[in-house]
Amino acid sequence: MDQIKPSPFIESDTLAFRDFDESYLNQFKEWMNDKDYRKFSRQEVPIMMSSQQSWYSSIQGSNQSVNFSVWYKPENKLIAFGGIFGINWIDRNAEIGYGIGDKSYWGKGLGYEMVSLIVKYAFEELNLHRLYATMIDGNIASRRCLEKAGFTLEGTRKDDTFLDGKYVDKFYFALLAPEYFHN
Ligand SMILES: CC(C)(COP(=O)(O)OP(=O)(O)OC[C@H]1O[C@@H](n2cnc3c(N)ncnc32)[C@H](O)[C@@H]1OP(=O)(O)O)[C@@H](O)C(=O)NCCC(=O)NCCS
């Protein structure tokens, strides 16, 4: 999957966000099926190419999501996928999603950088008003990425999710455009 790509759509210091096309589906599937990655992404059964292709077909021509491939600039290497989903253009809200598939890049500040760039794009280019994200208790890195980017906890669904043999809470985080622009 390492290949020279043209200039990024958006970029931060070390990350380049590029388009997401069909050629990425297999890599996405492989990462989604990884035991560490899928734990908090709630992928309980193996994902197959057929469902990937169905999902990809469903987003064609839709303006309700923006999907990116995320590249680590110093090595021009694909490491992650992420984007904005369920965009409501009337209420101007949407959910953000992010995941670093190449685990050797975890814990280097890239998750936070990724969330920050998605937020910047959503508020400064798409003119969205409210972003939200959910995460399961125990996903400390994801929670910290959101908190560092300014998201606050809005609510908790107790015992929402069955994870590793026990029920755990699910957290709902959000960030409003006025909060973003005032900080
Ligand atoms: C969630 C994810 C994107 C975080 O990316 P990351 O690059 O590892 O995170 P960062 O290095 O930017 O770290 C962000 C914060 O979390 C902390 N953190 C990272 N890994 C941690 C761990 N294992 N335990 C505790 N804290 C951790 C960091 O210290 C940092 O906080 P700090 O700046 O206050 O020190 C990555 O772990 C991932 O892709 N996981 C699998 C998919 C997933 O869970 N996606 C989110 C679904 S809600």
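Here the stretch 119-144 is the region considered, the condition is being away from the ligand (no atom under 11 Å from the Cβ) and in a helix (DSSP H, G or I), and the residue that is nearest to residue 171 (Cα to Cα) is 119. Selection of strands (runs of 3 or more DSSP E) fully inside the stretch 1-95 by the criterion of at least 2 residues being within 20 Å of residue 132 (Cα to Cα) returns 66-72, 77-88. Residues of the stretch 1-19 that are modelled with pLDDT of 95 or more and of a type in the set (A, V, I, L, M, F, W, C): 9, 10, 15, 16, 17.
Can you confirm whether residue 38 is over 28 Å from residue 161 (Cβ atoms) and charged (D, E, K, R)? Judged against the criteria, residue 38 is not a match. Within the stretch 21-33, the set of residues being in contact with a helix residue (DSSP H, G or I) (Cβ under 8 Å, 6 or more places away or on another chain) and either charged (D, E, K, R) or exposed (fewer than 11 other Cβ atoms within 10 Å of the Cβ) (or both) comprises 22, 29.
Kindly establish whether residue 88 is at pLDDT 95 or above and loosely packed, with under 15 Cβ neighbours inside 10 Å. The answer is yes for residue 88. Residues in the stretch 166-183 that are hydroxyl-bearing (Ser, Thr, Tyr) and in contact with a Ser or Thr (Cβ under 8 Å, 6 or more places away or on another chain): 167, 172. At pLDDT 95 or above and either surrounded by 14 or more Cβ atoms within 10 Å (Cβ to Cβ) or among the small types (Gly, Ala, Ser) (or both): does that describe residue 167? Spelling it out, it is not the case that residue 167 is at pLDDT 95 or above and either surrounded by 14 or more Cβ atoms within 10 Å (Cβ to Cβ) or among the small types (Gly, Ala, Ser) (or both). Of all residues in the stretch 96-128, those being of a type outside the set (A, V, I, L, M, F, W, C) and surrounded by 16 or more Cβ atoms within 10 Å (Cβ to Cβ) number 11.
Return the residues of the stretch 34-54 that are surrounded by 14 or more Cβ atoms within 10 Å (Cβ to Cβ), within 16 Å of the ligand (Cβ to nearest atom) and not basic (Lys, Arg); say none if nothing qualifies. Correct list: 34, 37, 40, 41, 43, 47. Scanning the stretch 82-125 for residues that are of a type in the set (S, T, N, Q) and closer than 24 Å to residue 29 by Cα yields a single hit, 104.
Residue 170 meets each of the listed conditions (1) within 13 Å of the ligand (Cβ to nearest atom); (2) without any contact (Cβ under 8 Å) to a residue 24 or more places away in the chain apart from (2). Out of (1) among the hydroxyl-bearing types (Ser, Thr, Tyr); (2) assigned to a strand (DSSP E or B); (3) under 25 Å from residue 108 (Cα atoms), what's the single condition that is false for residue 156? Of (1) among the hydroxyl-bearing types (Ser, Thr, Tyr); (2) assigned to a strand (DSSP E or B); (3) under 25 Å from residue 108 (Cα atoms), only one is false for residue 156: (3).
The values are calculated or read from the model by the stated rules, or taken from the named source; none is laboratory data. Note that the structure is a prediction, hence the values are computed from the model and not measured. Cβ coordinates were reconstructed from backbone atoms using ideal geometry, including for glycine residues, and neighbour counts include every protein chain displayed.
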